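Novice: First the structure, then my questions, so here it is.
What follows draws every value from the coordinates through simple rules; no lab data is involved. Because the structure is a prediction, the values reported are computed rather than measured. Here the Cβ positions follow ideal geometry from the backbone for every residue, glycine too, while neighbour counts run over all protein chains shown.
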Amino acid sequence: MIVAMQDRASEEQIQYVIDQLVRMGFEVHRSTGALKTVLGGVGSQTDFDTREIEMLAGVQEVHRITSPYRLAGRNFRPEGTIVKFANGLEIGGKNIVVMAGPCSVESREQLFTVSEQIAQAGARVLRGGAFKPRSSPYSFQGLGLEGLKLLREAGDRFNLLVISEVMEISQIELMLPYIDIFQVGARNMQNFNLLRELGKVRKPILLKRGISATFEELLCSAEYVLAGGNYEVILCERGIRTFETYTRNTMDISAIPIIHKLSHLPMTADPSHGTGRRDKVAPMARASVAAGADALLIEVHHQPDKALSDGAQSLYPQQFADLMGEIRMIAPAVGRTIA
């Protein structure tokens, strides 16, 4: 159930409505905008009368929600979610945020070289894998804790926030001191136990769409995090599996405006995994900005031919700098700027 309170409804009226929803058996989630408060009642109750709430003081309207993603749906926060960070950076607002860096942290020299170059080009978030989920057990699996420490050090040195992938529940506590955003990869989009635990964390979560996931499945996965009380969720389109083999995945640009219609959550595009080809990353990044992406996630390596993972889809630093110049020209055409 979604309960929209009247503009400037008093705190006493809002609390009374919350109490009544709890009495009816709902778990209540509150979203407060500039003028209006929206209450989301989550539960399995089906035999309730919406008029019980509609007649309460301060209530503007009540909607019975049949969608399985009640908190991730646009109705819960019609104005959209803006994820804010302590340094003033925002994802989901007017500015487009670019996250960049190597697929995996390989060494101090590699990470600091790339970090300096992406920062100079205008990136605001450093991405890098400390733990790497690989298809083969014989492939490079990441540096673990050492990689996390290097990410934090590089982020602080070049004034970048840090995002890295969490693969299992046991890594959450280990990663907390070192990263600013937890990334949940495509393989773990439906790892519901992990998502439940991340719902208890008070740091933003970037949730990638699975390789064969529908929009509803992606939003239902986000619902697990939101239901835990963590409303700072960022969604990401990173390509889906189709019958086409020319590219690593098929980059579904249409997901960006569709998710924006269905959900209030910010939407990120990852053209590196979306195509798996260095020569296709820039065109898909430009298209994503034009389609309304709130952020971009791009792999950059100073020596991609020697990269230990995903070198074929990593941009050279100069290619990344050129791309940043291009999207700075595209962004104003859709009413945006680059953060």
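Novice: Mind giving me the FRET efficiency for Leu176 and Glu27? R0 is 30 Å, r the Cβ-Cβ distance, nearest 0.05 is fine. The partial results should precede the final answer.
Specialist: Numbers: r = 26 Å, r/R0 = 0.85.
Efficiency for this residue pair is about 0.70.
Novice: Could you order peptides 243-250, 196-203, 287-294 by the average number of other Cβ atoms within 10 Å of their residues, highest first?
Specialist: Details: 243-250: 12.4, 196-203: 16.1, 287-294: 22.5.
By packing density, highest mean first, the sequence is 287-294, 196-203, 243-250.
Novice: OK, next. Which whole-number percent of Cα pairs in the range 193-339 have a distance greater than 21 Å?
Specialist: Working: 5034 of 10731 pairs.
Tail of P(r) above 21 Å: 47 percent of Cα pairs.
Novice: Net charge around Ile327, counting only other residues with Cβ within less than 15 Å of its Cβ (Lys, Arg = +1; Asp, Glu = -1)?
Specialist: Numbers: positive: Lys94, Arg124, Arg286, Arg328, Arg336; negative: Asp270, Asp294, Asp322, Glu326.
Charge balance near Ile327 sits at +1.
Novice: In nm, what is the difference between 0.36 nm times the number of residues separating Gln303 and Asn87 and their Cα-Cα distance?
Specialist: Numbers: separation 216, 0.36 × 216 = 77.76 nm, distance 3.05 nm.
Roughly 74.7 nm would be gained on extension.
Novice: Another question about this same structure. Using +1 at the C-beta of Lys and Arg and -1 at the C-beta of Asp and Glu, which of Ser212, Asn230, Ser115 has the Cα lying farthest in the positive direction of the dipole of the chain?
Specialist: The Cα lying farthest towards the positive end belongs to Ser115.
Novice: If you don't mind, there's one more thing I want to ask. Provide Rg and Dmax in Å for the chain, with only Cα atoms included in the calculation.
Specialist: According to the Cα coordinates of the chain, Rg and Dmax are 20.7, 67 Å.
Novice: Here's something else I'd like to know. On a full-extension model of 0.36 nm per residue, what is the gain between Gln318 and Ser254, subtracting their alpha-carbon distance, rounded to one decimal in nm? Before the final figure, lay out the partial values.
Specialist: Details: separation 64, 0.36 × 64 = 23.04 nm, distance 2.85 nm.
Once the chain is fully extended between Gln318 and Ser254, it gains 20.2 nm.
Novice: Note down the nm distance, to one decimal, between modelled labels 7 Å out along Cα→Cβ at Ala57 and at Asn193.
Specialist: Those two pseudo-labels are separated by 4.9 nm.
Novice: Run the helix sum for the chain: -39,500 (n - 2.57) per DSSP H stretch of 4+ residues, divided by residue count, reported at 222 nm to the nearest 500 deg cm²/dmol. The partial results should precede the final answer.
Specialist: On the way: 11 runs with 110 residues, N = 339.
Using -39500 (n - 2.57) per qualifying helix, the result is -9500 deg cm²/dmol.
Novice: Still on this structure: For the range 2-66, what D do you get in µm² per second when you plug the Kirkwood radius from alpha-carbon pairs into Stokes-Einstein at 20 °C and 1.002 mPa s? It would help to have the intermediate numbers written out before the result.
Specialist: Numbers: Rh = 11.7 Å.
D, rounded to a whole number, is 184 µm²/s.
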